[in-house]
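Enquirer: Starting off with a structure, shown below.
The values are calculated or read from the model by the stated rules, or taken from the named source; none is laboratory data. All figures in this text were calculated on a predicted structure; none of them were measured in a lab. Quick reminder, even Gly has a Cβ in these numbers, built from the backbone with ideal geometry, and neighbours come from all protein chains shown.
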Amino acid sequence: MKQYKYPNFFLIGAPKSGTTSLANYLAQHKNVFFSTPKEPWFFSAPEFPGPFSTYKEYLNLFSGVNSNHKAVGEGSVYYLYSSHAVADILERFPSAKFIVMLRNPVDASFSAFVQTKKGINKKTRDQFKTFKEAWYAQDDRARGLHIPKGNGAPEKFQYGKIFSYHHQLVRLFSLVNRDNVHIIIFDDFKSDPKKVYKNVLSFLELPFQEINSYEAKNTMAVINDSYFLKKLLMELLSIGYNIKRKIGIYKSFGIISKLYNSKNIKIEKPDYEFRRELIEYFKEDIEKTEKLIGKNLSAWKNNTL
């Protein structure tokens, strides 16, 4: 019978906050095994379904773990938002550690909208031309209207809920000892990725290991919502990743990024007035989040383009 070594840390979100870059850095560490795909989404189903429908399939992602791997993880970014994912993880892995990355919700929500515009299947792309239209359509979409055909996770269009962090963190802290939670602010990660990477290694109780580059990565940003296409791509990625690991290659070749970004789709950014409206929407949540995590987030309330 095949033996599995289970994940002991989870990079759980938030979306569009640098998780893919951090996962890429960690995957290069000799003592880290990071899943391929980065985002199995197993514990966030059915609201956010992934390509793996059984626990056996999920565990098979970690079949390549060996004795050198002290930290075994995955990075499904909707686990933080999910009402049940963290609790379900803890049922399986009660000693798990959790890494949370938070970004200015105005910027993150716009970036999430851009992601919905870049799927390879036009039928699954957001049909709204601007973020303002998509933002104002959230109530309708909560009732099942204006959802792109074939989209398996319509909750992804609820930008206001997804990027309101306070209640998500309250739920997380009610389930997990704070010593087992590491929070990263995207602004800090962007300004000094090496320092943040070193702090994460300390959190995971791993020695520092330099990597070749701290360049930003987001190779999985625009994956299509078709279940069967996604599953096939993930299986092919997993095979290729395991081959690369065996021959000592850790760098991403960017195949998925090139595939999904084959068309240069330009999206207009929110103007000053709309940004001010978005900031006002998120302001109270930002202030509550500041107090909860003990970090200064005042920059998120400045209307700078």
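Enquirer: Would you say residue 62 is surrounded by fewer than 21 Cβ atoms within 10 Å (Cβ to Cβ), within 22 Å of residue 203 (Cβ to Cβ), out of contact with any His (no Cβ under 6 Å at 6 or more places or on another chain) and without any contact (Cβ under 8 Å) to a residue 60 or more places away in the chain?
Expert: So residue 62 passes the test.
Enquirer: Wholly within the stretch 102-162, which helices (runs of 4 or more DSSP H) include no fewer than the required count, namely at least 1 residues that are among the aliphatic types (A, V, I, L, M), over 20 Å from residue 304 (Cβ atoms) and free of Cβ contacts under 8 Å to residues at least 24 places away in the same chain?
Expert: 138-142
Enquirer: Do any helices (runs of 4 or more DSSP H) lying entirely in the stretch 168-260 carry at least 2 residues that are at pLDDT 95 or above, and which ones are they? Step through it out loud before you land on a result.
Expert: Details: elements: 186-191, 193-203, 227-246, 255-260.
Once the helices (runs of 4 or more DSSP H) in the stretch 168-260 are filtered for at least 2 residues that are at pLDDT 95 or above, what remains is 186-191, 193-203.
Enquirer: Could you look through the stretch 1-44, keep only residues that are out of contact with any helix residue (DSSP H, G or I) (no Cβ under 6 Å at 6 or more places or on another chain) and at pLDDT below 95, and pick out the one that is nearest to residue 99 (Cα to Cα)?
Expert: By that ranking, first place goes to 6.
Enquirer: Still on this structure, I have one more. For the stretch 69-94, which residues satisfy the criterion of being surrounded by fewer than 21 Cβ atoms within 10 Å (Cβ to Cβ), aliphatic (A, V, I, L, M) and farther than 23 Å from residue 205 by Cα?
Expert: Result: 87, single match.
Enquirer: Also, quick follow-up: Examine the stretch 95-108 for a residue that is touching a Pro at 6+ places or on another chain (Cβ under 6 Å), crowded, with 17+ Cβ neighbours inside 10 Å and not aliphatic (A, V, I, L, M), and state whether such a residue exists.
Expert: No, the stretch 95-108 contains no residue that is touching a Pro at 6+ places or on another chain (Cβ under 6 Å), crowded, with 17+ Cβ neighbours inside 10 Å and not aliphatic (A, V, I, L, M).
Enquirer: Ok, one more. Which pairs have Cβ atoms under 8 Å, sit 6 or more apart or on different chains, and link a residue in the stretch 178-191 that is closer than 14 Å to residue 165 by Cβ to one that is among the aromatic types (Phe, Trp, Tyr) and outside any helix (DSSP H, G or I)?
Expert: If the second residue must be among the aromatic types (Phe, Trp, Tyr) and outside any helix (DSSP H, G or I), the pairs left are 181/98.
Enquirer: Would you please list the contacts, defined by Cβ atoms under 8 Å and residues six or more apart or on different chains, that run from a residue in the stretch 285-303 that is more than 16 Å from residue 184 (Cβ to Cβ) to a residue that is of a type in the set (Phe, Trp, Tyr) and surrounded by fewer than 18 Cβ atoms within 10 Å (Cβ to Cβ)?
Expert: From residues that are more than 16 Å from residue 184 (Cβ to Cβ), the pairs are 303/272.
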